[in-house]
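Some notes on the structure that comes next.
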Amino acid sequence: MTEAQITHDSKWVSEFLASRRSTRDFLATPVPQELIDQILTDALTAPSWSNTRPFKVAVATGEVKDRISVEFLARWEALAKIRQPGLKSKLRLIFSRYGLPTSNRRIIKKYAAELRPRALRVGKELYDHIGVERGDVTARNAQWANNYKFFGAPVEMFIFIHKSLHVFAASDAGLMMQNLMLSAHARGLGTCAQGAVNIWDDVIRQEFNISKDYRLLCGLALGYPSDAVVNTFGAHRIGVDELVIKPTRASK
Ligand SMILES: Cc1cc2nc3c(=O)[nH]c(=O)nc-3n(C[C@H](O)[C@H](O)[C@H](O)COP(=O)(O)O)c2cc1C
């Protein structure tokens, strides 16, 4: 490559990376199977720990996806009641256990103090962007419930990681997912990673034969973005100064 090409391409790459945003409203337009296969092939070009590829992807479309969504929405409705005032609905949830997480209970815990302001900020800015008032619990719950409709995406992927590799499996899955998301973006498709869906893995296991050696990491919605205002949201980025750990001793 010539120096001019490198300069041109590297600028293009930076702009392309920065132009990817999470999509939270999709058109119903189906994604052709060949396109899904190509995106998954691109996903597998990511690096991996000892090349083990310690992950599996369950791809849900059509009736399978719809059945999962219906059950998720029913469980979310039950779970959301715990936030409402009054003891009756809370007790009903505790006794019936319907809606309580069957996997990843972490999701209902608070963020660590260092990370909490960032999570609060993106939540506030996203809701401001779509005109949902902070105190409007019904509207906030409805927006969160969109996660369980997969934001209308025609394809929902569920990412499972091999338990034996601990954090390294999640790291590999993250690299693979980023390739997948960028490949989709390059083809005019949108994606949204979804931690929201990793709390009821039993629902997914009813639809797919998944080994107990694998645990659910997250979901990933895939499809063509609509022109809804939610899709124009740009999440804040921390600066490089916040990213980099400085050495304790200055170099000579
Ligand atoms: C593992 C993971 C899980 C996520 N879970 C959700 C989710 O459940 N719902 C949602 O709306 N966005 C979710 N997101 C999207 C993040 O909120 C988003 O990536 C972040 O705010 C940065 O915005 P951007 O993707 O538009 O750059 C998730 C992202 C990642 C990487």
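Laboratory data are not the source of any read-out in this text; all were calculated from the coordinates shown. Bear in mind that the values here come from a model prediction, so they are computed numbers and not experimental data. No Cβ is skipped: glycine too gets one built from the backbone with ideal geometry, and neighbour counts run over all protein chains shown.
Please compute the length gained on full extension between T138 and S89, using 0.36 nm multiplied by the number of residues separating them and subtracting their Cα-Cα distance.
Gain on extension, T138 to S89, equals 16.0 nm.
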* Structure fact -> Once both label points are put 7 Å beyond Cα along the C-beta direction, the L100-A74 separation in nm becomes 1.9 nm
* Structure fact -> Charge tally for neighbours of A58 with beta carbon under 12 Å away, counting Lys, Arg as +1 and Asp, Glu as -1, is 0
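Between exposed GluC sites (Glu not before Pro) in the chain, where DSSP calls loop and at most 13 other Cβ atoms lie within 10 Å, what's the longest gap? Could you put the intermediate results ahead of the total?
Values: sites that count: E114, E133.
Longest run free of exposed loop sites: 134-252.
What is the fewest-to-most order of Y98, Y148, Y224 by other Cβ atoms lying within 10 Å of their Cβ?
Lowest to highest Cβ neighbour count: Y98, Y224, Y148.
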* Structure fact -> With label points set 7 Å from each Cα along the Cα-to-Cβ direction at A46 and T29, the distance between them in nm comes to 2.6 nm
* Asked: Tell me, what is the percent relative contact order of the range 8-120, built from C-alpha pairs under 8 Å that lie six or more residues apart?
  -> 14 percent
* To do: Just flag the trypsin sites (Lys or Arg not before Pro) in the range 47-125 sitting in loop per DSSP whose Cβ has no more than 12 other Cβ atoms within 10 Å.
  => R97, K109, K110
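Relative to the Cα centre, what is the charge dipole magnitude of the chain, using +1 at the beta carbon of each Lys and Arg, -1 at the beta carbon of each Asp and Glu, and rounding to the nearest 20 debye?
1480 debye
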* Structure fact -> re the range 96-137: pairs of Cα atoms spaced beyond 16 Å account for a percent value of 56 percent
* Structure fact -> Measuring from its Cα centre, the range 167-252 shows a charge dipole (+1 at each Lys and Arg Cβ, -1 at each Asp and Glu Cβ) which, in debye to the nearest 20, is 480 debye
* Cα-based Kirkwood hydrodynamic radius, the chain, one decimal, Å -> 20.2 Å
* Asked: Where in the chain are the DSSP H helices whose C-alpha atoms run 27 Å or more along the long axis and whose mean Kyte hydropathy is at least -1.0?
  -> 166-186
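When the Kirkwood radius is taken over all Cα pairs of the range 178-252, what Stokes-Einstein diffusion coefficient follows at 4 °C and 1.567 mPa s, in µm²/s? Each step should come with its number before you reach the end.
On the way: Rh = 16.4 Å.
Calculated translational D: 79 µm²/s.
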* In the range 22-232, with Lys and Arg counted as +1 and Asp and Glu as -1 at Cβ, which of these residues, W200, P54, M176, has the Cα nearest the positive end of the dipole, that is, farthest along it? -> W200
